[in-house]
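Structure first, then comments.
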Amino acid sequence: ADSSALMNTVKKIARRLKEQFPDKKRIGVMIEGLDVAHVHVKVFPINSGQEYRRQPDLDSEPDHNALAKMAKILAF
């Protein structure tokens with residue numbers, strides 16, 4: 001039941017991303033949870049496998065204003 005609820009939520013978020021980013025070809029989903037008692041699901045719009053595998057720049061400060069704006073756009 002938990003896995004089903006999780007994947008239904010992932011699908012809902014993916015549909016929302018597709019609505020908000022129609023220029024993107026795909027919605028990437030990455031599920032991680034090794035050696036921990038929980039899981040992280042990352043859902044993000046992409047155009048290619050190269051974007052899917054891109055490593056983030058962990059040395060740069062995130063654009064907090066852009067992230068806040070994005071949160072409002074994606075809110076249900």
Scan of the stretch 1-10 for residues that are among the hydrophobic types (A, V, I, L, M, F, W, C) and either surrounded by 12 or more Cβ atoms within 10 Å (Cβ to Cβ) or part of a loop (DSSP other than H, G, I, E, B) (or both), ordered by number: 1, 6, 7, 10
Subset of the stretch 31-47 [modelled with pLDDT under 95, open to solvent by less than 80 Å² (accessible area, probe 1.4 Å) and either farther than 20 Å from residue 8 by Cα or in a strand (DSSP E or B) (or both)]: 32, 36
Some residue of the stretch 11-23 being part of a loop (DSSP other than H, G, I, E, B), under 23 Å from residue 75 (Cα atoms) and open to solvent by 70 Å² or more (accessible area, probe 1.4 Å): yes
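The values are calculated or read from the model by the stated rules, or taken from the named source; none is laboratory data. Every value quoted in this text rests on a predicted model; they were computed, and no experiment measured them. For neighbour counting, all protein chains shown are included, and Cβ atoms are generated from backbone atoms with ideal geometry for every residue, glycine included. The area values use the complete protein model at the heavy-atom level, side chains included, leaving out ligands, DNA and RNA. Shrake-Rupley method; radii C 1.70, N 1.55, O 1.52, S 1.80 Å.
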